[in-house]
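Q: Handing you a structure now.
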Amino acid sequence: MAKTRISISLDPADADLIRTVAAEHGLDVSAFLVMAGRKEAARLARVAASFADIDDAIATAEAEADALTWPPEPDVHPEEAARIRAEIEVARARSAARRRGGTAA
């Protein structure tokens with residue numbers, strides 16, 4: 001199987017730690033980093049999959065919120081206006097949380 005070389009830059013302390021831990025487990029640095037990278041990639045894929053439904057719901061809520069006339073027309077019942085306002089706030093809060101570092105987010 002063909003191999004691809006990847007070059008990375010590390011702080012000396014991180015490089016020493018990786019070399020030490022790899023050696024303690026009978027691995028060379030390359031094998032250790034591949035193992036760690038695969039494990040983290042799999043973990044991130046599981047996290048993304050677990051939030052896929054939530055991300056879809058957020059996207060739907062944001063699209064619905066963008067399509068709303070605001071403020072609502074006068075013939076909208078006050079309870080409906082309150083529900084719409086609450087949904088918009090939830091969607092905005094979720095969107096802001098995603099921008100702050102959520103995956104997913």
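Q: Tell me the per residue accessible area of the chain using a 1.4 Å probe; a whole number in Å² is fine.
A: Heavy-atom accessible area per residue stands at 80 Å².
Q: Can you compute the charge dipole magnitude of the chain about its Cα centre, using +1 on each Lys and Arg Cβ and -1 on each Asp and Glu Cβ, nothing else charged? Give it in debye, rounded to the nearest 20.
A: Here the chain has a charge dipole of around 720 debye.
Q: Another question, if that's okay. Determine the calculated [θ] at 222 nm for the chain from helices alone, applying -39500 (n - 2.57) to every DSSP H run no shorter than 4 residues and normalising by the residue count; nearest 500 deg cm²/dmol.
A: Calculated from helices alone, the mean residue ellipticity at 222 nm is -25000 deg cm²/dmol.
Q: In Å and on Cα atoms, what radius of gyration and Dmax does region 42-105 show?
A: For region 42-105, the Cα-based Rg and Dmax read 14.6, 51 Å.
Q: Which whole-Hz ³J(HN,Hα) couplings does region 76-87 yield from phi under the Karplus relation 6.51 cos²θ - 1.76 cosθ + 1.60, θ = phi - 60°, glycine and proline marked x?
A: With the stated coefficients, region 76-87 comes to 7, 4, x, 5, 5, 4, 5, 5, 4, 4, 5, 5 Hz.
Q: Express in nm, to one decimal, how much length is gained between VAL34 and ARG100 on full extension, taking 0.36 nm for each residue of separation and deducting their alpha carbon distance.
A: Value of the extension gain: 20.8 nm.
The values are calculated or read from the model by the stated rules, or taken from the named source; none is laboratory data. This structure is a prediction, so every number in the text was calculated from the model and none was measured. Glycine gets a Cβ as well: all are built from the backbone with ideal geometry, and neighbour counts include every protein chain shown. Keep in mind that these areas ignore ligands, DNA and RNA; they rest on the heavy atoms of the full protein, side chains included. Shrake-Rupley method; radii C 1.70, N 1.55, O 1.52, S 1.80 Å.
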